[in-house]
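Undergrad: Dumping the structure here so I can ask a few things about it.
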Amino acid sequence: MKKLIIKKERNLLLYSHVINDYPLLEKRLQKHTTIDEQILKKENATDEELNIYRMRNDIVTQAKNEWQIDTDRNASDVFRLRISNTWIVF
């Protein structure tokens, strides 16, 4: 059974804005912790949804690109992340 989306990718996608472009994927990720071929067969995934899983690498890459480290910051103990122009400092 091949995992199509692992838990780490699921969390990344659910907290990224790119998921808004793929409502079928979002619905499935909210229902399951991981996605594999068996789940898709069991739940009769549509062709449209199967195409989304074929584009998985591109979608995950887009989600990763939403999260950027601010390299302008000099303090080694402070990190800033940007999500669609919203800065999170910790």
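The values are calculated or read from the model by the stated rules, or taken from the named source; none is laboratory data. Here the structure is a predicted model, which is why all the values come from computation and not from measurement. Cβ atoms come from the backbone with ideal geometry, glycine included; neighbour counts cover every protein chain shown.
Undergrad: Which pairs turn up if I take residues in the range 1-30 that are more than 14 Å from residue 61 (Cα to Cα) and free of Cβ contacts under 8 Å to residues at least 24 places away in the same chain and look for partners that are assigned to a helix (DSSP H, G or I) and not small (Gly, Ala, Ser) with beta carbon separation below 7 Å, at least 6 apart in sequence or on another chain?
TA: Close Cβ pairs satisfying both conditions: 26/19.
Undergrad: For the list (1) under 10 Å from the mean Cα position of the chain (by Cα); (2) touching a residue at least 24 places away in the same chain (Cβ under 8 Å), I need the number of the one condition that residue 40 fails.
TA: All conditions pass for residue 40, except number (1).
Undergrad: Here's another thing I want to ask about it. State which residue is modelled with the lowest pLDDT when the search covers only the range 50-90 and only residues that are basic (Lys, Arg) and not in a loop (DSSP other than H, G, I, E, B). Quick ask: steps written out before the conclusion?
TA: Residues of the range 50-90 that are basic (Lys, Arg), as a first pass: 54, 56, 64, 73, 80, 82.
The next check asks that each one be not in a loop (DSSP other than H, G, I, E, B); those that pass are 54, 56, 64, 80, 82.
Values: 54: 90, 56: 91, 64: 89, 80: 51, 82: 54.
So, considering only residues that are basic (Lys, Arg) and not in a loop (DSSP other than H, G, I, E, B), the one modelled with the lowest pLDDT is 80.
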